[in-house]
Amino acid sequence: MISQKTYTVAQATSRLEGYCAYQERCHKEVQQKLRDMRMIPDAVDLIVLHLLKHNFLNESRFAQAFARGKFNHKKWGKMRIVRELKFRDISKYNIDLALKEISDTDYLTTLDTLAEKRLLQLASEKNLQKKRKKFVDYLLYRGWESFLVYEKARELIK
């Protein structure tokens, strides 16, 4: 039998303070980490409360950092960001707050850049239907709004 390390509430709290200080975390990640550490539900609640009270855990801050990071680094569209935040049980209020981190001009500029880059990658595709489908699928997968994607496809692929 493999022995599982056990933690006191103080040890677990200290570990989770470091876990949250290293990078923004959502409540779901923190609770999962504590369950993985085999903490009982009462201890989980106590530690989460401590982290909230001492500002190690802040869902608004997490949502904003998540939206900024995924948009700036992975070039995700708002639909994908919203889907991922919902998956992490982030409230509608915090999701709306997070989307305000992305300026409309940056958003459209990024879409233009991404579309141009994708078009270059598809330069060898001669079949216009296939080219359009690959172009559209790529941008939709990354979470860009369909009306923007189709408008961009009409504009660029003729």
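Does residue 71 satisfy the condition of being free of Cβ contacts under 8 Å to residues at least 40 places away in the same chain, under 11 Å from the mean Cα position of the chain (by Cα), crowded, with 17+ Cβ neighbours inside 10 Å and not assigned by TED's automatic domain parsing to the domain that holds residue 27? The answer is yes for residue 71.
Residues in the stretch 121-151 that are under 25 Å from residue 73 (Cβ atoms) and over 27 Å from the mean Cα position of the chain (by Cα): 122 alone.
For the stretch 92-131, the tally of residues that are of a type in the set (A, V, I, L, M, F, W, C), over 20 Å from residue 145 (Cα atoms) and not in a helix (DSSP H, G or I) stands at 2. Go through the residues of the stretch 53-63 one by one and say whether even a single one is surrounded by fewer than 18 Cβ atoms within 10 Å (Cβ to Cβ), out of contact with any Gly (no Cβ under 8 Å at 6 or more places or on another chain), modelled with pLDDT of 95 or more and among the hydrophobic types (A, V, I, L, M, F, W, C). No, the stretch 53-63 has no match at all.
Against the numbered list (1) touching a residue at least 24 places away in the same chain (Cβ under 8 Å); (2) in the same structural domain as residue 144 (by TED's automatic domain parsing); (3) surrounded by 12 or more Cβ atoms within 10 Å (Cβ to Cβ), residue 125 comes up short only at (1). Only one of these conditions is not met by residue 6: (1) outside any helix (DSSP H, G or I); (2) surrounded by 13 or more Cβ atoms within 10 Å (Cβ to Cβ). Which number is it? Residue 6 satisfies every listed condition except (2).
Number of residues in the stretch 19-49 that are surrounded by fewer than 16 Cβ atoms within 10 Å (Cβ to Cβ) and within 24 Å of residue 85 (Cβ to Cβ): the value is 9. Condition check for residue 89 on (1) in a helix (DSSP H, G or I); (2) surrounded by fewer than 16 Cβ atoms within 10 Å (Cβ to Cβ); (3) touching a His at 6+ places or on another chain (Cβ under 8 Å): one failure, at (1).
Quick grid of which residues meet (1) closer than 30 Å to residue 147 by Cα; (2) without any contact (Cβ under 8 Å) to a residue 12 or more places away in the chain; (3) outside the structural domain of residue 139 (by TED's automatic domain parsing):
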| residue | (1), (2), (3) |
| --- | --- |
| 20 | no, no, yes |
| 32 | no, yes, yes |
| 63 | yes, no, yes |
| 81 | yes, no, yes |
| 86 | yes, yes, yes |
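The values are calculated or read from the model by the stated rules, or taken from the named source; none is laboratory data. Quick caveat, the model's predicted, so the values are computed rather than measured. We place every Cβ from the backbone using ideal geometry, glycine too, and count neighbours over all the protein chains shown.
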